[in-house]
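The values are calculated or read from the model by the stated rules, or taken from the named source; none is laboratory data. This is a predicted model, so every value here is computed, not measured. Glycine also receives a Cβ, built like all others from the backbone with ideal geometry; neighbour counts cover every protein chain displayed. All accessible areas refer to the heavy atoms of the entire protein, side chains included, with ligands and DNA or RNA removed. Shrake-Rupley method; radii C 1.70, N 1.55, O 1.52, S 1.80 Å.
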Amino acid sequence: MTKERFKELMQPIADGLFGKQKPYHMQQGTPPVVRPVGMIVEDLCTISDDEWAKYAFSREPLNGKFTDEQRVELTRKAMACGREYAERVVQEQGVRDPEKLAEKLGMKVDYPRMPQSTDRVLFAEFREPNKIHIYMDGVDKGEVLFAEPGVRHALTAQLDIKKLLLGHELFHWVEEKYRKEIWTRTYRLRLWEVGPVHNDSTVMVLGEIAAMAFTQALNNLRYSPYVMDAYLVYGYSPEAASALYEEMMTFAGRTPRLPEELEPA
Amino acid sequence: MEFIIGILLLLTFFGLAYYCIKGHNLMIGFLVITIAWTVLSLGGTAVSSADFLASNPVLTDTTLVKMLNAIYQSAPEGWGTTLVNVCWGAWFGRVLMETGIASTLIRKTVELGGDKPMVTIALLNIVTAIIFTAMTGAGPVIAIGVIVLPIMMSLGVPKAIAMFSFMESVAAGIYLNPVNFAQYRAFFIEPSEMEAFTLGWYAGKWGYAAVIISVVVATVLSGIFLKTSKTSHAWAAQTRGAAEQKDAPFYTLFLPIVPVALKIAFDFSVIGGFVIAGFLALFLCGKMKGSFAENCQLVNKLYYDGVVDTAPLVGFLLTLPMFNKVASYASPYFKVVLGPVMPKSELVVCVLFAVLLGLGLFRGPMTLVGCGAATLGVLSNVASFSVPFLYCVFAIPTITVNIGSCITQSWVAWGLAYTKVESKDYLKLSIPCAYIAGILLYVLTMVTMSGMGPEWFI
Ligand SMILES: [Zn+2]
């Protein structure tokens, strides 16, 4: 062990003993290889609808209850549901632009700027009955990244991050409005039964998947808005975004590329 | 003259309280005040009246060097036993995380409750409390937090309520945690003293009820808060903790309670329990399938991570006993000043502490892991209470108020950053909870821990 390595290992202990009291950050395993953001979005934009199923469900509390086949099937249904309601709302209101739609539907949208921690980056939030927060800190950082090589090409000029986030949150309002009939809320999973007693539950991630399809339709995008998970995190932490990229690619059954595999432009 | 020294001591005490509340380093704070109190109390003997010295032999019946040694050498050494428990507890916490036992327990719990927020919150609170009867340190709280918090939030539970419910449940479990028990017990007596005051005895008389009261209050309050709040849906990228982890085998899920159960049932060694349950977990979950060298490395790494988890506490824990010791030399002066106004009946103590619970926040004068250690030094030296009674009186502000409800607790501070809850929004939920649970716990203390026989006094 070299002297530097020893020092590095002792540092957290020394900080604990003599440092100022500060919020705790858990040290993580080996950091992932950082990729250029252009490579990340280029690869992620090619992931198909079905291939997003495993990643989407990995954020579902009841994920352990499903097989891979079920995950794909439910993802398809949820996406169909999201698209269906997108067309329905567009028909009813006569506009497709998420900002105009939000206005017509009487939503109260605000754009707070709030710094974020990298463990969990919050993009947007819907609060019943009609409040939507779009967190601009992440949006701004994402817009700065447009200048990076390959990003604009992969994400296309069609992308407006603010509108994409807004469209997602609008779906939660739609879901609430049609909660009696909309498939994402009527689908029930039986968790357990003992004789006549049983517990049926909705599956929260279906609403999220549908919301992604909903906003994808409103924004006319060719790729899944799930790409934003990694893209917007990149603005905060290229390491965390690269880890997400690896996770998404692996869930999609693909091999994540390494930076040196980038073809010279 | 002793009256003036008493006043000076009191002023330094308020100085320390201010220093703690400002969030400065506790270790240095306690080191400085220990030195100040040493100078005042021992130097004070030169200027005090003969009557005062005659009635306080603690200040005169030994040499100066012996007294200094007692403060700066024997006292921290005496805490070595406590510290060893802390390190092993931290190791065990890391084992439960590495094997996936803790996360499997959480996931299985959610699969019972499903989308009904109140059912799932209640179940999660119970399981969280049980897990934290055995796990120690900020690392495990964060590791479980990154699983539990996103689950609650994805069920539409507002982030402040999710965070509140989780943090209070962690604190509830700590009421039965053998490591914390040993740690706080050492504030009152030497580890070898009063052998009857075991975790098992304490649990039966007070601890189980304290956990139940804490979990019930946190859950009921979460329910009430939930009723008055609006559901929310967030789009957030979770960069950690979501990764797919294999389920631990179901027959390993009882392992978290093994050390505590052994300790309570047979007064079996806590560290022995950690070692047995920890290695069982590693073997049964297939973590020991590598070569001998690899296995050693894993065990070693978990130990290292665990000790780092608790490092922020260690320096403080090793300075504190010096302070506790010097407090016994300072107490004659305090008695002169505060003797007439200090509460002497158990009922008055309970009522007073219940009213002043808020002072356990921000490392104030009620919490043992803050400048409450000084309050204890004063209280236990000017009046006589049984050890178990005093233990409970101080455990309540320490655990419910400081550890569960205060933003100066390391993992609460982490949780605020993770969930993006504002400090004030958290305190709005946690302070009512601290008062309601705290008052109920003082009632419990009066019922089961008051009026004890002479064998419980020192
Ligand atoms: Zn959503």
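Before moving on, here are some points about what is shown:
- Taken over the range A:168-177, the criterion of being open to solvent by 10 Å² or more (accessible area, probe 1.4 Å) and within 11 Å of chain B (Cβ to nearest Cβ) is satisfied by A:Trp173, A:Glu176.
- Residues considered: B:Thr419, B:Thr448, B:Thr408, B:Thr400. Of these, the only one that is open to solvent by less than 20 Å² (accessible area, probe 1.4 Å) and touching a Cys at 6+ places or on another chain (Cβ under 9 Å) is B:Thr400.
- Among the helices (runs of 4 or more DSSP H) confined to the range B:203-319, the ones with at least 1 residues that are within 30 Å of A:Lys54 (Cβ to Cβ) are located at B:270-284.
- Flag if B:Thr63 is modelled with pLDDT of 85 or more, exposed (fewer than 11 other Cβ atoms within 10 Å of the Cβ) and of a type in the set (Ser, Thr, Tyr): yes
- Among the residues of the range B:321-341, none qualifies, meaning not one is within 14 Å of chain A (Cβ to nearest Cβ) and of a type outside the set (Phe, Trp, Tyr).
- Single unsatisfied condition, A:Met228 versus (1) surrounded by fewer than 20 Cβ atoms within 10 Å (Cβ to Cβ); (2) within 16 Å of the ligand (Cβ to nearest atom); (3) within 13 Å of A:Ile40 (Cα to Cα): (1)
- Residue selected from the range A:45-74 under the condition in contact with a strand residue (DSSP E or B) (Cβ under 7 Å, 6 or more places away or on another chain) and open to solvent by 20 Å² or more (accessible area, probe 1.4 Å), by the criterion nearest to B:Gly156 (Cα to Cα): A:Arg59
- Pick from the range A:64-81, criterion farther than 18 Å from A:Ala211 by Cβ and out of contact with any Leu (no Cβ under 8 Å at 6 or more places or on another chain), ranking: farthest from the other protein chains (Cβ to nearest Cβ): A:Glu73
- Every listed requirement among (1) surrounded by fewer than 24 Cβ atoms within 10 Å (Cβ to Cβ); (2) away from chain A (no Cβ under 14 Å); (3) within 20 Å of the chain's Cα centre (by Cα) is met by B:Gly438 save one, (1).
- Of all residues in the range B:222-235 being open to solvent by less than 20 Å² (accessible area, probe 1.4 Å) and more than 9 Å from chain A (Cβ to nearest Cβ), the one that is nearest to the ligand (Cβ to nearest atom): B:Ser222
- Within the range A:140-167, restricting attention to residues that are away from the ligand (no atom under 16 Å from the Cβ) and within 13 Å of another protein chain (Cβ to nearest Cβ), the residue that is least open to solvent (accessible area, probe 1.4 Å) is A:Gly142.
- All helices (runs of 4 or more DSSP H) inside the range B:379-458 with 1 or more residues being among the polar types (S, T, N, Q): B:410-419, B:423-449
- One residue stands out in the range A:179-195 among those that are part of a loop (DSSP other than H, G, I, E, B) and within 16 Å of the ligand (Cβ to nearest atom): the one that is most open to solvent (accessible area, probe 1.4 Å), namely A:Arg179.
- Among all positions in the range A:198-212, there is at least one residue which is within 12 Å of another protein chain (Cβ to nearest Cβ), without any contact (Cβ under 8 Å) to a residue 12 or more places away in the chain and outside any helix (DSSP H, G or I).
- Among residues of the range B:417-435 being within 19 Å of the chain's Cα centre (by Cα) and hydrophobic (A, V, I, L, M, F, W, C), the one that is farthest from B:Val393 (Cα to Cα) is B:Leu427.
- Against the list (1) modelled with pLDDT of 90 or more; (2) more than 15 Å from the ligand (Cβ to nearest atom), the condition A:Asn199 fails is (1).
- Strands (runs of 3 or more DSSP E) completely within the range A:82-136 that count 3 or more residues being surrounded by 15 or more Cβ atoms within 10 Å (Cβ to Cβ) and within 14 Å of chain B (Cβ to nearest Cβ): A:120-127, A:131-134
- Single match in B:Phe274, B:Phe279, B:Phe268 (criterion: more than 24 Å from the chain's Cα centre (by Cα), more than 16 Å from the ligand (Cβ to nearest atom) and among the aromatic types (Phe, Trp, Tyr)): B:Phe279
- Some residue of the range A:204-215 being within 16 Å of the ligand (Cβ to nearest atom) and more than 16 Å from the chain's Cα centre (by Cα): no
- Scanning the range B:316-330 for residues that are farther than 17 Å from B:Asn85 by Cβ and open to solvent by less than 10 Å² (accessible area, probe 1.4 Å) yields B:Thr319, B:Phe323, B:Val326, B:Ala327, B:Ala330.
- Matching option when the condition is in contact with a Pro (Cβ under 7 Å, 6 or more places away or on another chain), under 18 Å from A:Tyr135 (Cβ atoms) and within 16 Å of the ligand (Cβ to nearest atom), among A:Leu170, A:Leu218: A:Leu170
- Any hit, the range B:286-301, residues being away from chain A (no Cβ under 14 Å), open to solvent by 20 Å² or more (accessible area, probe 1.4 Å) and under 30 Å from A:Tyr135 (Cβ atoms): no
- Residue selected from the range B:198-221 under the condition farther than 30 Å from B:Ile458 by Cβ and touching a Cys at 6+ places or on another chain (Cβ under 8 Å), by the criterion surrounded by the fewest Cβ atoms within 10 Å (Cβ to Cβ): B:Leu221
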